[in-house]
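Engineer: This structure is in structure tokens; I'll ask about it shortly.
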Amino acid sequence: MIPPLRALLVLVFTATFGLSPLFTAPFAGFRPDQLPIPQVDPPIQPAGYAFAIWGLIYAWLILSALFGIWKRGSDAGWDRARGPLIVSLACGTPWLAVANTSAIWATVLIWAMGVSAVAALILSPRQDRWWFQAPVGIYAGWLTAASFVALGSTMAGYGVLTGSVGWAWIGIIGALIVALVVLWRRPKAPEYGLTVIWALVGIIMANQTTTLSVSLLAAAGIVVVLARIARPRLAV
């Protein structure tokens, strides 16, 4: 028996997305030669250790896809969210290869990944929270931060409006606005907000007192997101 198409596509693209790092060069930010104004350790970029979250994201998304095709293949609630998730994973499959070639196209692609991942989170089924909402929430949370990291690095690299510190401020504020809107739409998705906080902590660790204003802004952002996460629980 052939599995339902959307469930099958989620599994296929989750597999290609998860395996893609095996077939591309490692990526640790845009290389200096990819941008007219080289961005070496831009202040908007989290410390390297923060990117270890991808291991959790890949593993949990694969488990989610396997559970979905096994137990929820024709479930209407799951299917509603599968459409944007398929788009995000399909865009994510070539992302590392693109990022090692073009900062501009990598930024466009990661925004497509992020927007569709957030849409999948908002549409995620109320049931099976730990099988769908949690992994997609972590994935969408990291992409929310990563989209603004890519945007800030690229814009600073082309000298648009301001420099790297200015774009760090713009990127952090932008990511916070998006995060608060998502948490307003899906208030019981703390895993999304906690992942954004993980990225903000990474920014603080990368900057520390070297770029103190960026660290302080990221710290203020952590407080704001924590308050938003706690609000539904305080109302119970």
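Engineer: Of all residues in segment 52-83 being surrounded by 16 or more Cβ atoms within 10 Å (Cβ to Cβ) and either within 15 Å of the chain's Cα centre (by Cα) or of a type in the set (Lys, Arg) (or both), which is farthest from Gly141 (Cα to Cα)?
Structural biologist: Arg72
Engineer: Name the one entry in Val182, Val149 that is in contact (Cβ under 8 Å) with a residue 12 or more places away in the chain, surrounded by 13 or more Cβ atoms within 10 Å (Cβ to Cβ) and more than 19 Å from Gly48 (Cα to Cα).
Structural biologist: On the way: Val149 fails: more than 19 Å from Gly48 (Cα to Cα).
None of the other options fit; the residue is Val182.
Residues checked against (1) of a type in the set (S, T, N, Q); (2) in contact with a Leu (Cβ under 7 Å, 6 or more places away or on another chain); (3) modelled with pLDDT of 95 or more; (4) buried (at least 18 other Cβ atoms within 10 Å of the Cβ):
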{"site": "Leu85", "(1), (2), (3), (4)": "no, no, yes, yes"}
{"site": "Ser88", "(1), (2), (3), (4)": "yes, no, yes, yes"}
{"site": "Gly92", "(1), (2), (3), (4)": "no, no, yes, yes"}
{"site": "Ala103", "(1), (2), (3), (4)": "no, yes, yes, yes"}
{"site": "Ala106", "(1), (2), (3), (4)": "no, no, yes, yes"}
{"site": "Met113", "(1), (2), (3), (4)": "no, yes, yes, yes"}
{"site": "Leu121", "(1), (2), (3), (4)": "no, no, yes, yes"}
{"site": "Tyr139", "(1), (2), (3), (4)": "no, yes, yes, yes"}
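Engineer: Same structure again: Would you mind stating whether Ala28 is touching a Phe, Trp or Tyr at 6+ places or on another chain (Cβ under 9 Å), without any contact (Cβ under 8 Å) to a residue 40 or more places away in the chain and either farther than 30 Å from Leu161 by Cβ or surrounded by fewer than 16 Cβ atoms within 10 Å (Cβ to Cβ) (or both)? If you could, list the steps in order and put the result at the bottom.
Structural biologist: Numbers: touching a Phe, Trp or Tyr at 6+ places or on another chain (Cβ under 9 Å): yes; without any contact (Cβ under 8 Å) to a residue 40 or more places away in the chain: yes; either farther than 30 Å from Leu161 by Cβ or surrounded by fewer than 16 Cβ atoms within 10 Å (Cβ to Cβ) (or both): yes.
Answer is yes for this residue.
Engineer: Of all the helices (runs of 4 or more DSSP H) wholly in segment 20-126, which have at least 2 residues that are among the aromatic types (Phe, Trp, Tyr) and either within 16 Å of Ala146 (Cβ to Cβ) or in contact with a His (Cβ under 6 Å, 6 or more places away or on another chain) (or both)?
Structural biologist: Numbers: elements: 53-71, 76-92, 95-99, 103-122.
In segment 20-126, 53-71, 103-122 are the helices (runs of 4 or more DSSP H) which contain 2 or more residues that are among the aromatic types (Phe, Trp, Tyr) and either within 16 Å of Ala146 (Cβ to Cβ) or in contact with a His (Cβ under 6 Å, 6 or more places away or on another chain) (or both).
Engineer: Among the candidates Pro135, Pro125, single out the residue that is within 30 Å of Ala76 (Cα to Cα) and surrounded by fewer than 22 Cβ atoms within 10 Å (Cβ to Cβ).
Structural biologist: Values: Pro135 fails: surrounded by fewer than 22 Cβ atoms within 10 Å (Cβ to Cβ).
Exactly one of Pro135, Pro125 is within 30 Å of Ala76 (Cα to Cα) and surrounded by fewer than 22 Cβ atoms within 10 Å (Cβ to Cβ), namely Pro125.
Engineer: What number of residues within segment 152-177 are surrounded by 15 or more Cβ atoms within 10 Å (Cβ to Cβ), farther than 19 Å from Ser215 by Cα and not small (Gly, Ala, Ser)?
Structural biologist: Summing the residues that are surrounded by 15 or more Cβ atoms within 10 Å (Cβ to Cβ), farther than 19 Å from Ser215 by Cα and not small (Gly, Ala, Ser) in segment 152-177 gives 2.
Engineer: Just to check your reading of the model, which residue among Pro84, Pro46 is in contact (Cβ under 8 Å) with a residue 12 or more places away in the chain, closer than 24 Å to Tyr158 by Cα and either of a type in the set (S, T, N, Q) or out of contact with any Asp or Glu (no Cβ under 7 Å at 6 or more places or on another chain) (or both)? It would help to see each step written out before you state the result.
Structural biologist: Working: Pro84 fails: closer than 24 Å to Tyr158 by Cα.
On inspection, the qualifying residue turns out to be Pro46.
The values are calculated or read from the model by the stated rules, or taken from the named source; none is laboratory data. Just so we're clear, the structure is a prediction, and the values are computed from it rather than from any experiment. So basically every Cβ, Gly included, is an ideal-geometry build from the backbone, and we count neighbours across all protein chains shown.
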